[in-house]
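Undergrad: Structure provided below as structure tokens; questions to follow.
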Amino acid sequence: MSMHVSGACSSVFGYRRVSTIRAVASEDFATVKTGEEKVKLGASDLKVTRVGIGAWSWGDNTYWNNFEWDDRKMKAAKFAFDTSIDNGITLFDTAEVYGSSFSLGAVNSETLLGRFIKERKEKYPEMEVAVATKFAALPWRLGRQSVLTALKDSLSRLGLSSVDLYQLHWPGVWGNEGYIDGLGDAVEQGLVKAVGVSNYSEKRLRDAYEKLKKRGVPLASNQVNYSLIYRAPEENGVKATCDELGITLIAYSPIAQGALTGKYTSENTLTGPRGRIYTPEFLRKLQPLLNRIKEIGEGYNKTHTQVVLNWLIAQEKVVPIPGAKNAEQAAEFAGALGWRLTDEQVNELRSLASEIKPVIGFPVEKL
């Protein structure tokens, strides 16, 4: 769900930077292959890599991709998938509402991910991949059966008989108890290995945890907006509750949709809807933090992106899922693994980031 360096970077510095990224990814691959970088999702039996890949942008022409989707972007997404697997990142997060089955030229993200998995498994039948997708709590969807029906539709698009993690994408205006029942039913019917929620507040998180606990089903995760410059989960009790209950926090927009990559400035701004969120004025105020991130990264031979992802990993029980639109981004994300910022650096970055007023998050967080 985020973006970074363009493969078309023509400067000498950019080229050398890409070469470094690939070398780092290669080194980290061996570490990930040993299983040392895999973590359990909550109290479930599901183990995933410490970094996953968000597929929000795959097939999308409403928020990402400059409002258009074509074969070139599809091939880039396929390279992102393959490069992620090659570098040991095997968790992919999608949703039934990512991409589109209706807009001209767009493709559903689940459909693309399923296609990529099928093509990869034809060459490597023993390939390991963990698929996470989500149920959209639309107002007309009522009761537990709506969850099962939507899940089976997702499985059809993915071309799978089950998924590893099924999540409620956001809390419903009503019918939430039925949705939680549906998650439990999905586990009992063997359609999923683990279940989670997304954009859930502390109270809703506790309610979902207790309701599933009565059925002997662990609530594995809560996927929320969380980054160095958007730390609402630390401030609203969600992170503390996850830690208390043993729930993994999956962090979406972990590089703030590109704002933390060091690519953008008040003169070189983000495009599309992101430009209205991360304004030139915001990027100007962000620059001192970006400068310090760069300095810290140079000490490890790491990029801005790798530093801020590592900052999240250092929070423990946090799995960031940056969005990869191409192979270069995917390889760079792998470079966030296999090393660790010091406690002093983690605290320093949080302190510097605290001086920046955060942008507005996804409104459903407060439902």
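The values are calculated or read from the model by the stated rules, or taken from the named source; none is laboratory data. Everything quoted here is computed from the prediction, not taken from an experiment. Please note: Cβ atoms are built from the backbone with ideal geometry, for glycine as well, and neighbour counts cover all protein chains shown. Accessible surface is based on the protein model in full, side chains and every heavy atom, while ligands, DNA and RNA are left aside. Shrake-Rupley method; radii C 1.70, N 1.55, O 1.52, S 1.80 Å.
Undergrad: Which of the residues that make up region 202-227 are hydroxyl-bearing (Ser, Thr, Tyr) and open to solvent by 30 Å² or more (accessible area, probe 1.4 Å)? Even if it seems obvious, please write down each step before you answer.
TA: First pass over region 202-227, keeping only residues hydroxyl-bearing (Ser, Thr, Tyr): 209, 221, 226-227.
Result: 209, single match.
Undergrad: Something else now. Return the pairs, sorted by first residue and then second, in which the second residue is surrounded by fewer than 23 Cβ atoms within 10 Å (Cβ to Cβ) and part of a strand (DSSP E or B), the first residue lies in region 300-322 and is polar (S, T, N, Q), the beta carbons are less than 6 Å apart, and the residues are 6+ apart or on different chains.
TA: none
Undergrad: For region 308-320, how many residues are open to solvent by 10 Å² or more (accessible area, probe 1.4 Å) and among the aliphatic types (A, V, I, L, M)?
TA: Quick first cut of region 308-320, residues open to solvent by 10 Å² or more (accessible area, probe 1.4 Å) only: 314-317.
Filter again for among the aliphatic types (A, V, I, L, M), leaving 314.
Qualifying residue count, region 308-320: 1.
Undergrad: So, in region 237-282, how many residues would count as being assigned to a loop (DSSP other than H, G, I, E, B), open to solvent by 20 Å² or more (accessible area, probe 1.4 Å) and among the aliphatic types (A, V, I, L, M)?
TA: Going residue by residue through region 237-282, those that are assigned to a loop (DSSP other than H, G, I, E, B) are 237, 246-247, 253-255, 259-273, 278-279.
Of the ones still in play, those that are also open to solvent by 20 Å² or more (accessible area, probe 1.4 Å) are 246, 262-263, 265-269, 271-272, 279.
Next cut, among the aliphatic types (A, V, I, L, M) only: none.
Number satisfying all stated conditions: 0.
Undergrad: A further question on this structure: Taking into account only those residues within region 283-293 that are of a type outside the set (Lys, Arg) and touching a residue at least 24 places away in the same chain (Cβ under 8 Å), which is most open to solvent (accessible area, probe 1.4 Å)? Let's see the steps before the verdict.
TA: Taking region 283-293 and keeping what is of a type outside the set (Lys, Arg), we get 283, 286-291, 293.
Subsequent filtering for residues that are touching a residue at least 24 places away in the same chain (Cβ under 8 Å) retains 283, 286, 288-290, 293.
Numbers: 283: 1, 286: 0, 288: 86, 289: 4, 290: 4, 293: 0 Å².
Checked region 283-293; the qualifying residue most open to solvent (accessible area, probe 1.4 Å) is 288.
Undergrad: Moving to a separate point now. Go through 151, 160 for me and flag whichever is of a type in the set (A, V, I, L, M, F, W, C) and surrounded by fewer than 21 Cβ atoms within 10 Å (Cβ to Cβ). Steps first, please.
TA: Numbers: 151 fails: surrounded by fewer than 21 Cβ atoms within 10 Å (Cβ to Cβ).
Of the residues listed, the single one that is of a type in the set (A, V, I, L, M, F, W, C) and surrounded by fewer than 21 Cβ atoms within 10 Å (Cβ to Cβ) is 160.
Undergrad: Look at region 166-194 and say how many of its residues are under 20 Å from the mean Cα position of the chain (by Cα) and under 11 Å from residue 135 (Cα atoms).
TA: So the count comes out to 6.
Undergrad: List pairs: first in region 240-255 and under 26 Å from residue 56 (Cα atoms), second among the acidic types (Asp, Glu), Cβ under 9 Å, 6+ apart or cross-chain?
TA: So the pair list comes out as 249/243; 250/93; 252/93.
Undergrad: Cβ-Cβ below 9 Å, separation at least six or inter-chain, first residue in region 268-282 and under 15 Å from residue 253 (Cα atoms), second open to solvent by 40 Å² or more (accessible area, probe 1.4 Å) and among the aromatic types (Phe, Trp, Tyr): which pairs?
TA: Taking only residues 6 or more apart or on different chains, the pairs are 273/63; 274/63.
Undergrad: Quick check on region 300-307. Is at least one of its residues over 22 Å from residue 49 (Cα atoms), open to solvent by 10 Å² or more (accessible area, probe 1.4 Å) and part of a helix (DSSP H, G or I)?
TA: no
Undergrad: Additional query: Condition check: surrounded by 20 or more Cβ atoms within 10 Å (Cβ to Cβ), over 21 Å from residue 47 (Cα atoms), of a type in the set (Phe, Trp, Tyr) and free of Cβ contacts under 8 Å to residues at least 60 places away in the same chain. Does residue 179 satisfy that?
TA: Here the answer is yes, as residue 179 does meet what is asked.
Undergrad: Kindly indicate the residue of region 143-174 that is closer than 21 Å to residue 224 by Cβ and either part of a loop (DSSP other than H, G, I, E, B) or aromatic (Phe, Trp, Tyr) (or both) and also modelled with the highest pLDDT among those meeting that condition.
TA: Top of the filtered list is 166.
Undergrad: Tell me which of these residue 296 doesn't satisfy, since it passes every other one: (1) among the β-branched types (Val, Ile, Thr); (2) in a helix (DSSP H, G or I); (3) in contact (Cβ under 8 Å) with a residue 60 or more places away in the chain.
TA: (3)
Undergrad: Give the residue that is modelled with the lowest pLDDT, with candidates limited to residues of region 325-367 that are among the charged types (D, E, K, R) and touching a His at 6+ places or on another chain (Cβ under 9 Å).
TA: For region 325-367, the residue satisfying everything is 325.
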